[in-house]
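The structure appears below as structure tokens.
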Amino acid sequence: MKFPQYRARRMRASANIRRMVREHRLSPDMLIYPMFVTWGKNVKDEIGSMPGNFRVSVDNIAAEAKEVESLDIPAVILFGIPEKKDENGSEAYNPDGVVHRAIREIKNACPDLVVITDVCIDEYTTDGHCGVVDDKGAILNDPTLELLGAMALTHARAGADIVAPSDMMDGRIGAVRIALDDNGHKDISIMSYAAKYSSAFYGPFREACDSAPAFGDRSTYQMDPANANEALREVALDIVEDADILMVKPALPYLDIIRMVKSQFNLPLAAYSVSGEFAMIEAAGRNGWLDRDRAMIEALLSIHRAGANMILTYFAKDAAKILNT
Ligand code: PBG
């Protein structure tokens, strides 16, 4: 291959040629739409830093799910915004909690839509941490595992298909697997937030859930953005504990990690394109600084090209609309 005999531009000469040599294609099949569910009547409350995304009350959640299903998106992931928070995040594993009610509503209306639930107590604790906190402010690992197991089990009992622990405690995948298996839920899958970084890009999500930590940050449990090999160790641990699906989070600033995990392990791989990634593109689009739709598709394509089979994204509905036409 050498110029002038070889000319790379020949393979870009027309739309049909480009179509023939295209290596990656996005499809609604790979999209997962995050939904925020809250109490109240007929609530559909737009999230300030995530325009076009809403906190939706339980009574409106089935309608939202039907819209997602009508766009040929196979799955949603649910986040709960409880009425009351407490020290142990007890609403997280209350069988009649806000997420549990939403699961039942969605499964009633859309039995085939895959319902994934985020398993983590930070949206439910007064201090906003992902683990139980002792009187010195330390985040306790092992006592948290019990709560995560209880939370996952109550989600499974409500009808969730996949539970997704996002807390980054050590040993959580094994603890959740045992809680599920010991109680007759061998068929419920676990999507592990295996490599989850302590990231500034979660900002808008924490506004949506009012879940910013009341003191300190999450760096004693979420990963240091400077580390890559550590992600492989985290993933390996979760595989030993029988995770079914791996996840890297965030996505765009961690495309290298997605690629590394994809090449070293052969489990289905998801990437979470988080709230801050959405907000950047959306804000630039609204300012007229970027072509929002093109930037959205290009960003999603990069995540897929890096190796993600599934993408959790707040753009899921808008991307599906474009991909379906
Ligand atoms: C923890 C959780 C978070 C996100 C998903 N699960 C917040 C955090 O770790 O602070 C963030 C998702 C996003 O930013 O879109 N329950």
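Derivation of every value follows stated rules applied to the coordinates shown; laboratory data play no part. Quick caveat: nothing in here was measured; it's all calculated off a predicted structure. FYI the Cβ positions are ideal-geometry reconstructions off the backbone, even for glycines, and counts take in every protein chain you see.
Data table
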{"item": "Shape metrics for the chain, restricted to C-alpha atoms - Rg then Dmax, Å", "result": "20.1, 73"}
{"item": "Segment 25-323, relative contact order [Cα under 8 Å, separation at least 6], %", "result": "19 percent"}
{"item": "10 Å Cβ shell holding at most 14 others, DSSP loop, GluC sites (Glu not before Pro): longest site-free stretch of the chain", "result": "88-325"}
{"item": "Cα long-axis angle, helix 172-181 against the chain (0 to 90 degrees, to the nearest 10)", "result": "70 degrees"}
{"item": "Binned Cα-Cα distances of segment 80-221, short to long, each 5 Å bin given as a whole percent", "result": "2, 11, 20, 23, 22, 14, 6, 2, 0, 0"}
{"item": "Sorted by Cβ density within 10 Å, fewest first, the residues Val76, Val133", "result": "Val133, Val76"}
{"item": "Alpha-carbon centroids, segment 250-311 and segment 63-107: separation in whole Å", "result": "24 Å"}
{"item": "Degrees, to the nearest 10: 255-264 long Cα axis against longest axis of the chain", "result": "90 degrees"}
{"item": "Segment 1-84 - share of DSSP beta bridges that are antiparallel (%, nearest 5)", "result": "30 percent"}
{"item": "Sorted by Cβ density within 10 Å, fewest first, the residues Cys110, Cys130", "result": "Cys110, Cys130"}
{"item": "Residue range of the chain that is longest and free of chymotrypsin sites (Phe, Trp or Tyr not before Pro) which are both DSSP loop and sparsely packed (at most 12 other C-beta within 10 Å)", "result": "7-214"}
{"item": "Karplus (6.51, -1.76, 1.60) ³J(HN,Hα), θ = phi - 60°, over segment 70-82, in Hz, Gly and Pro reported as x", "result": "5, 8, 6, 7, x, 8, 10, 10, 9, 10, x, 10, x"}
{"item": "GNM result for the chain, Cα springs below 10 Å: residue of Ser211, Ser90, Ser14 fluctuating most strongly", "result": "Ser14"}
{"item": "Amide hydrogen neighbours beyond the local backbone of Val119, cut-off 5 Å, H modeled", "result": "Ala164, Ser166"}
{"item": "Percent antiparallel among DSSP beta bridges (both partners in the chain, rounded to 5)", "result": "15 percent"}
{"item": "D (Stokes-Einstein, µm²/s), Kirkwood Cα radius, segment 1-49, 1.306 mPa s at 10 °C", "result": "98 µm²/s"}
{"item": "Mean residue ellipticity (222 nm) of the chain, computed from DSSP H runs ≥ 4 via -39,500 (n - 2.57), nearest 500", "result": "-11500 deg cm²/dmol"}
{"item": "Too-long pairs where the Cα-Cα distance tops 21 Å, listed order kept, from Lys44/Lys317; Lys41/Lys66; Lys44/Lys66; Lys66/Lys186", "result": "Lys66/Lys186"}
{"item": "Residues Leu147, Leu301 arranged by fewest to most Cβ contacts within 10 Å", "result": "Leu301, Leu147"}
{"item": "Cα long-axis angle, helix 141-158 against the chain (0 to 90 degrees, to the nearest 10)", "result": "80 degrees"}
{"item": "Interatomic Cα distance distribution for segment 201-325, bins of 10 angstrom, percent", "result": "12, 38, 34, 14, 1"}
{"item": "DSSP-defined antiparallel bridges as percent of all bridges, segment 92-191, nearest 5", "result": "25 percent"}
